[in-house]
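Structure first, commentary second.
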Amino acid sequence: MSFKSLAKYAALALALSFTAGIAGAQTVVLYSSNNTETVETALAVVKKKTPGLTVQQVTGGTGTLMKRIQAEAKNPRGDVLWSGGFGTLGAYKDQMAPYKSPDLAAVPAAFRGPNDLWVGTNVHVMVMMVNERQLKGMAPPRTWSDLMRPEWKGKFAITDPSKSATAYMLVYGLLKQFGRDGLAKLAANAVITASSGSTYKGVAAGEYPVGLTIEYAAQEYVAGGQKEIKLVYPTEGSYLAPEGMFIVKGARNMDAAVALYNGLLSKETQQELLVKNFRRPVRSDIAVSKLTSLPDLSAIKIFPLDQEAASAEYEQLVALWNLAVKAR
């Protein structure tokens, strides 16, 4: 091979190597437990901000995906996980690569993980979803305690906390605020469903007058034109269930993982998720009430919960709940 041909071959090899590096940096594997609509909304914005970014999606429940990341620790297949409850994330710190996003300044400390291991992307607010058409003359509940009264027996639904992470945080909040006696009274009156979807869909369909559920899910029916659906934020305080994301330790596509992480945390993405999917952002620079009919978080009374303690007390709480259900 002549020197000229060798030089040409070397230049071509270098160009191909550079192109492969760029392509690798622009491909990222996303593990996500979010529904299809939410993921599509977010990625549409992220891809506009980062042209050429290819996102390969793997979907499943948060617990299943976390176990998968744990099993793949020696040979990671995923790059970013979005999203899991803070209580769940706290149990998998060893699987996370710390990263401090430039957008972190807009996120309050309460919605950040320790040592930049994870960051919140949205926060669920627990509400009472009321179908006014099904109240049959009863006044709508204003407090959690209202539902502990005898007249509410069989008239509201709550999801089994062992079947839903958000339902778990709701029941955990009830225990911390009202103790075992209060939790037992509420369990005695409740219709218990097997999934979060069964609860809010049941209220929307008129099966139950009231459902204890997630703000965004109830708001979808309000936005969809069901005038009989109302959201009640209990005057005793609502409970928060923040969800977040992290970069997988040892991620193969670290540059692309960082790009996706920053894109998901960006104001543009968070704002679009609020407007289209009613996912309440964690960012402090987005005025929720100006973009939707939802109140700003500052206008809602919140009963504080320790997210990591909630994770640690999972088995104990589920056992207490099961005992309360059996005793009714």
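The values are calculated or read from the model by the stated rules, or taken from the named source; none is laboratory data. Model, not experiment: these values are computed from the prediction. Neighbour counts are summed over all protein chains in view; Cβ atoms, including those assigned to glycine, are modelled from backbone coordinates with ideal geometry. Note: areas computed on protein heavy atoms with side chains; ligands, DNA, RNA excluded. Shrake-Rupley method; radii C 1.70, N 1.55, O 1.52, S 1.80 Å.
Here are the numbers for the structure shown:
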{"item": "Residue with peak Gaussian network fluctuation, the chain [Cα springs, cutoff 10 Å], from 75, 122, 253", "result": "75"}
{"item": "Per-selection Rg to Rh, the range 203-265 - Cα, Kirkwood hydrodynamic radius", "result": "1.21"}
{"item": "Net charge, residue 276 excluded, C-beta distance under 11 Å - Lys, Arg +1, Asp, Glu -1", "result": "-3"}
{"item": "The range 217-328: relative contact order as a whole-number percent, Cα under 8 Å and 6+ apart", "result": "28 percent"}
{"item": "Length-normalised contact order for the range 58-170 - Cα pairs under 8 Å, 6+ apart - percent", "result": "16 percent"}
{"item": "Radius 12 Å from Cβ of residue 219, net charge of other residues (Lys, Arg +1; Asp, Glu -1)", "result": "+2"}
{"item": "Proximal lysines relative to residue 227, as straight alpha-carbon distance under 30 Å, when same-chain residues fewer than 8 apart are discounted", "result": "136, 153, 155, 163, 201, 276, 290, 301"}
{"item": "Amide hydrogen neighbours beyond the local backbone of residue 57, cut-off 5 Å, H modeled", "result": "30"}
{"item": "Order by protection proxy (mean Cβ within 10 Å, highest first), peptides 54-65, 218-229, 110-121", "result": "110-121, 218-229, 54-65"}
{"item": "Share, in percent, of DSSP beta bridges within the chain that are antiparallel, nearest 5", "result": "65 percent"}
{"item": "Hydrodynamic radius (Kirkwood) for the range 60-128, which is based on Cα pairs only, to one decimal in Å", "result": "13.2 Å"}
{"item": "Value of relative contact order over the chain, rounded to a whole percent, pairs C-alpha under 8 Å and six or more apart", "result": "28 percent"}
{"item": "Per residue accessible area of the chain, 1.4 Å probe, in Å²", "result": "46 Å²"}
{"item": "Volume per residue of the C-alpha convex hull in the range 195-237, rounded to whole Å³", "result": "77 Å³"}
{"item": "Alpha carbon convex hull of the range 175-304, projected area averaged over orientations, nm²", "result": "10.7 nm²"}
{"item": "Other-chain or far-sequence residues with amide H under 5 Å of residue 121's (modelled H)", "result": "243, 244, 245"}
{"item": "GNM top mover of 172, 99, 216 - the chain, alpha-carbon springs below 10 Å", "result": "99"}
{"item": "Isotropic mean projected area of the C-alpha convex hull, the range 127-228 (nm²)", "result": "5.8 nm²"}
{"item": "Residue-count net charge about residue 115 - beta-carbon cut-off 13 Å; Lys, Arg +1, Asp, Glu -1", "result": "+2"}
{"item": "For the chain, the fraction of alpha-carbon pairs in successive 10 Å shells from zero, as %", "result": "6, 25, 30, 21, 10, 4, 2, 1, 1, 0"}
{"item": "Pairwise Cα inverse-distance average, inverted: Kirkwood Rh of the range 21-153 (Å)", "result": "18.1 Å"}
{"item": "Residue-averaged [θ]222 nm for the chain, counting only DSSP H segments that reach four residues, each worth -39500 (n - 2.57)", "result": "-13000 deg cm²/dmol"}
{"item": "In sequence order, calculated HN-Hα J values of the range 311-328 (Karplus, 6.51, -1.76, 1.60; Hz; x Gly/Pro)", "result": "5, 5, 9, 4, 4, 5, 5, 4, 5, 4, 4, 4, 5, 5, 5, 5, 7, 7"}
{"item": "Estimated D of the range 129-184 in µm² per second, where Rh is the Kirkwood radius over Cα pairs and Stokes-Einstein applies at 37 °C, 0.692 mPa s", "result": "263 µm²/s"}
{"item": "Additional length obtainable on full extension of the chain from residue 145 to residue 110, 0.36 nm per residue less Cα span", "result": "9.9 nm"}
{"item": "Dipole moment magnitude, nearest 20 debye, the range 104-187 about Cα centre, only Lys, Arg, Asp, Glu C-beta charged", "result": "280 debye"}
{"item": "Sulfur and carbon atoms: percent of accessible area, the chain [1.4 Å]", "result": "54 percent"}
{"item": "Span per principal axis, largest first, for the Cα atoms of the range 243-328 (Å)", "result": "51, 41, 20"}
{"item": "Principal-axis tilt of helix 36-49 within the chain, Cα atoms, nearest 10 degrees", "result": "40 degrees"}
